[in-house]
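The values are calculated or read from the model by the stated rules, or taken from the named source; none is laboratory data. Predicted model only: the values in this text are computed from it and were never measured. In this analysis, Cβ positions are derived from the backbone assuming ideal geometry, glycine residues included, and neighbour counts consider all displayed protein chains.
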Amino acid sequence: MGVAERRKREREARIMAVLDAARTLLLEKGFNGTTTRLIAERCELSEATLFFYFKNKDEIFLSLLYEGIDFWESALRKLQKLDLDPEEKLLQIWLQFELIRKEHPEYYVLSAYLARPHATANISESIRVKIIRDSGANFQRLADLLEDISGRSDGHLMADTLWACFLGLTVLGGSRKNLKVESHSSERGFMHVFEFLRDSFLIDYENQNTAGADLPTGNGAG
């Protein structure tokens, strides 16, 4: 292995170590409690070395967000290839949201972070543009998938509604947990919301099938 290749791998390994440390600390201590000093300590780097790879904490968080965008792209591409009836395919989309909530809760936490005032003020323009481009492409994939499933033409509205409901339930559950009050965002609660969305999204599809089933068969001769 040449010197250049070794340096490239070392750089990639350190970047991944920083992101993994930030991911863990974010879930342990939240946004305010996660500092660049703690991130550097967790991955056994000096804070000065960390700043060689990332300008600031915001850039680290948004780099994690981009990681989540890439994860979603892979999931959506797999969902597009599934040969299922509309109701089952819609369920698989919802279950993918659930899977990511359980295995990568930081992705939802970071989505809420992006809504904070000036969240992108201290990041490089290249990262901001990359997030806009790739997250937009994912929403387009989801919108196209929902239009294909439902036969409707308002895929962007359905995609926004699906995402907003799931993210809202996730944030609400976390808020109630922090306040130590009973949370209604249980597994069954999530499924109740899915059932409501399913009935709304697939109403045109179901009406078409019902109308088709009511058509007379045969040549009509008596």
Task: Long-range neighbours under 7 Å by Cβ, at least six apart or interchain, first residue over 11 Å from Phe61 (Cβ atoms) within segment 22-40, second of a type in the set (S, T, N, Q) and exposed (fewer than 12 other Cβ atoms within 10 Å of the Cβ) - done: Ala40/Ser46
TODO: Kindly establish whether Arg128 is in contact with a Phe, Trp or Tyr (Cβ under 9 Å, 6 or more places away or on another chain), under 16 Å from Ile69 (Cβ atoms) and basic (Lys, Arg).
DONE: no
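Listed here are the residues, each with its yes/no results for (1) polar (S, T, N, Q); (2) in the same structural domain as Glu195 (by TED's automatic domain parsing); (3) exposed (fewer than 15 other Cβ atoms within 10 Å of the Cβ).
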| residue | (1), (2), (3) |
| --- | --- |
| Leu76 | no, yes, no |
| Gln80 | yes, yes, yes |
| Lys102 | no, yes, yes |
| Glu106 | no, yes, no |
| Ser111 | yes, yes, no |
| Ala119 | no, yes, no |
TODO: Kindly indicate whether Thr217 is part of a helix (DSSP H, G or I) and either within 20 Å of Ile100 (Cα to Cα) or modelled with pLDDT under 90 (or both).
DONE: no
TODO: Residues that are within 14 Å of the chain's Cα centre (by Cα): find the helices (runs of 4 or more DSSP H) completely inside segment 1-100 holding 1 or more of those.
DONE: 57-81
- [ ] Tell me, please, whether a residue that is out of contact with any helix residue (DSSP H, G or I) (no Cβ under 9 Å at 6 or more places or on another chain) and of a type outside the set (Val, Ile, Thr) can be found in segment 37-49.
- [x] no
